[in-house]
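The values are calculated or read from the model by the stated rules, or taken from the named source; none is laboratory data. Since the structure is predicted, the reported quantities are computational estimates derived from the model, not experimental observations. Methodologically, a virtual Cβ is constructed for each residue, glycine included, from the backbone with ideal geometry; neighbour enumeration extends over all protein chains shown.
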Amino acid sequence: VAIVIGVVAGGVVYAWQSARVDTAGQVRFDRRLAIPPLAASTIAPDGTREFDLELRSGTTDLGHGPGTETWGVNGSYLGPTVRAERGEPVRMNVRNGLDEASTLHWHGMHLPAAMDGGPHQMVDPGTTWSPQWTVDQPAATLWYHPHLHGATAEHVYRGVAGMFLVDDPAGPVLPDRYGIDDVPVIVQDKKFDGDRLDDGAAMFSDTGVLGDEVLVNGTPGPYLDVTTERVRLRLLNASNARVYRFGFDTGLGFELIGTDGGLLPKPVEMTSLQLSPGERAEIVVAVPAGTSPVLRSTPPDLGADFWGTRFAGGADTMDILQLRAADRLESNAVVPSALAAPADLGVPSVTREFDLTSSTQINGKSMDMGRIDEVVTIGTTEVWEVRNVSGGVHNFHVHDVQFQVLDTDDPALTGPKDTVYLPPGRTLRLLMRFTDFSDPSTPYMFHCHLLRHEDNGLMGQFVVVEPGQRPVPPPPPSDAA
Ligand code: C2O
Ligand code: CU
């Protein structure tokens, strides 16, 4: 096991046992992959599909004994998969059964800001928050997680997160039997101290927790029994800081069919795919009958310096999930050659610049909940030019919209995106269109999705208003905790 000596600000030297490097042969793959249950829902008299989600604490066996203290939604670790159809009105009854205030944010969802579940929509312990909106976007793999200011990293790390799938009956036919040939793959690295989840594990870096083990859907050492010729994996990097480069140990290729916000125009064949925290991808894999390839992460291409690379897991190879294909596979849907027409985002009339100036500041400012940083007029198409001038490892996430990354030929960036890796020194131009009204004092967020960076201030706020309307600084957050 490699030992790396890290130097933190102040000159203190720590010996750091690095993440398990080249774990081939070390992960035993002896537990069946848990599939998060589908969230139950009811239809209210007005036709609204209603879900009850409760944040809870409990204990979970994450491979270090049954007593690991964790948090979850409607359970002790992670939450159920929420599913709704495009066009459907939904209401989420979010009850906070924890001892401290939190929020639940619908990452990737196009919805009014007051329903977004960001830092301004705190849910006090013992209370219920019931946002509602109409799902109005293409089929996609979205997710939900807490988003309170200053403690998002901790709340997500403890286990509050789940998938939110948007279905579109008008979409192409794809493998869609949940848990059989359409499988959620929620990837999170963890560090343990005995049977305790160690969230102080990264005291030597400002990047946040970097674990040396990977859980999928909360299962350590997981395997999935594959029974069909093709299996669709919905990959979600729900880790705090780690960037993965997914591929198979056998070199098996796969088809990328979707990114954060939905399907690509057409499938793209690849053998490896990089996802930074918050990003999703849908891939379809044809596992040869009788074989057991391992989904593995190899060192991602971060474009960062030595320490930046180490602190985002850039030097590590980690085995993640074994796919065990039966000797005879049932035939199922073949991926069509045309998937979804790209969204027409229109012609941009506004350009904004965002410099990630440090691991705590955008355009030289740290997050202030009482300050509106950007005012967007509803209906406009804009280009956001995002630049990583800090030299550290960051990505960039914008609430409410799915953007198109301009000037790129990277096939993994050709679909709708809401989060994108931003290499040091690089500028990315993101094309987006704002159609949701926020109200002048209820902002949406943009931020780095390395959760410690977000908590430390690498976040800003924007409102979407009618032409000529002025922003109103939001009221100070209620001191709920
Ligand atoms: Cu997934 Cu603003 O977050
Ligand atoms: Cu960052």
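Read through the list (1) within 24 Å of Asp212 (Cβ to Cβ); (2) at pLDDT 50 or above; (3) surrounded by 12 or more Cβ atoms within 10 Å (Cβ to Cβ), then give the number of the only condition that Asp30 fails.
Of (1) within 24 Å of Asp212 (Cβ to Cβ); (2) at pLDDT 50 or above; (3) surrounded by 12 or more Cβ atoms within 10 Å (Cβ to Cβ), only one is false for Asp30: (3).
For residues in segment 33-59 being surrounded by fewer than 19 Cβ atoms within 10 Å (Cβ to Cβ) and among the charged types (D, E, K, R), which is nearest to the chain's Cα centre (by Cα)?
Glu54
I'm checking my understanding of the structure. Among residues of segment 100-139 that are of a type in the set (Val, Ile, Thr) and assigned to a loop (DSSP other than H, G, I, E, B), which one is farthest from Val173 (Cα to Cα)?
Thr127
Output the residues belonging to segment 303-333 that are part of a loop (DSSP other than H, G, I, E, B) and at pLDDT 95 or above.
Ser331, Asn332
Looking only at residues in segment 60-79 that are hydroxyl-bearing (Ser, Thr, Tyr) and closer than 15 Å to Pro36 by Cα, which one is farthest from the chain's Cα centre (by Cα)?
Restricting to residues being hydroxyl-bearing (Ser, Thr, Tyr) and closer than 15 Å to Pro36 by Cα, the top hit is Thr60.
Need a quick list: strands (runs of 3 or more DSSP E) entirely within segment 388-454 having at least 1 residues that are over 27 Å from Glu255 (Cα atoms), within 15 Å of ligand 1 (Cβ to nearest atom) and more than 15 Å from the chain's Cα centre (by Cα).
444-447
Is at least one residue of segment 188-200 within 24 Å of Leu422 (Cβ to Cβ), surrounded by 21 or more Cβ atoms within 10 Å (Cβ to Cβ) and touching a residue at least 24 places away in the same chain (Cβ under 8 Å)?
Looking through segment 188-200, at least one residue is within 24 Å of Leu422 (Cβ to Cβ), surrounded by 21 or more Cβ atoms within 10 Å (Cβ to Cβ) and touching a residue at least 24 places away in the same chain (Cβ under 8 Å).
Taking segment 363-374, which residues are in a strand (DSSP E or B) and surrounded by fewer than 16 Cβ atoms within 10 Å (Cβ to Cβ)?
The one that is in a strand (DSSP E or B) and surrounded by fewer than 16 Cβ atoms within 10 Å (Cβ to Cβ): Lys365.
Out of curiosity, is Glu279 closer than 22 Å to Met163 by Cα, among the charged types (D, E, K, R) and modelled with pLDDT of 95 or more?
Spelling it out, Glu279 is indeed closer than 22 Å to Met163 by Cα, among the charged types (D, E, K, R) and modelled with pLDDT of 95 or more.
In segment 339-362, which residues are part of a loop (DSSP other than H, G, I, E, B) and under 26 Å from the mean Cα position of the chain (by Cα)?
Leu339, Ala340, Ala341, Pro342, Ala343, Asp344, Leu345, Thr357, Ser358, Ser359, Thr360, Gln361
Those residues that are more than 22 Å from the chain's Cα centre (by Cα) and assigned to a strand (DSSP E or B), I need them from segment 455-476; list them, please.
Val463, Val464, Val465
Any residue at all in segment 328-350 that is within 16 Å of ligand 2 (Cβ to nearest atom), of a type outside the set (Ser, Thr, Tyr) and surrounded by 18 or more Cβ atoms within 10 Å (Cβ to Cβ)?
Taking every residue of segment 328-350 in turn, none turns out to be within 16 Å of ligand 2 (Cβ to nearest atom), of a type outside the set (Ser, Thr, Tyr) and surrounded by 18 or more Cβ atoms within 10 Å (Cβ to Cβ).
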